[in-house]
Amino acid sequence: MKAKGLEPPLPGYTEEDAYKWIIECINKVLPTAEDYGIVLALENHWGLTRDSKGVLKILKEVNSP
């Protein structure tokens, strides 16, 4: 709690690397989730989604209702 959701990147990587990974992963599982009627949602409480800026960055890249 002391860090207020700010997580440092893994050594040798950047926050942009992490956004790329999460967006790739979501895009990979979306077709299967849609086939089964599963709705994927992002929680905005820690790490990359600690604020609206991070959530919007992911949502704009995933581009799925």
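The values are calculated or read from the model by the stated rules, or taken from the named source; none is laboratory data. Nothing here was measured: the structure is a model prediction, and the numbers come from that model. We place every Cβ from the backbone using ideal geometry, glycine too, and count neighbours over all the protein chains shown.
Of the residues making up the stretch 45-58, those that are of a type outside the set (Gly, Ala, Ser) and surrounded by 15 or more Cβ atoms within 10 Å (Cβ to Cβ) number 6.
Answer yes or no: is there a residue in the stretch 6-16 that is under 25 Å from SER64 (Cβ atoms), surrounded by 12 or more Cβ atoms within 10 Å (Cβ to Cβ) and at pLDDT 85 or above. Within the stretch 6-16, one or more residues are under 25 Å from SER64 (Cβ atoms), surrounded by 12 or more Cβ atoms within 10 Å (Cβ to Cβ) and at pLDDT 85 or above. Within the stretch 34-65, the set of residues being of a type in the set (A, V, I, L, M, F, W, C) and in contact with a helix residue (DSSP H, G or I) (Cβ under 9 Å, 6 or more places away or on another chain) comprises ILE38, VAL39, LEU40, LEU42, LEU48, VAL55, ILE58, VAL62. Once the stretch 30-44 is narrowed to residues that are of a type outside the set (A, V, I, L, M, F, W, C) and more than 18 Å from ALA3 (Cα to Cα), the residue that is surrounded by the most Cβ atoms within 10 Å (Cβ to Cβ) is GLU34.
Only residues that are in a helix (DSSP H, G or I), in contact (Cβ under 8 Å) with a residue 12 or more places away in the chain and out of contact with any Leu (no Cβ under 7 Å at 6 or more places or on another chain) were counted across the stretch 1-29, and they come to 3. Residue count for the stretch 36-53 under the criterion of being within 15 Å of PRO65 (Cβ to Cβ) and either polar (S, T, N, Q) or not in a loop (DSSP other than H, G, I, E, B) (or both): the result is 0.
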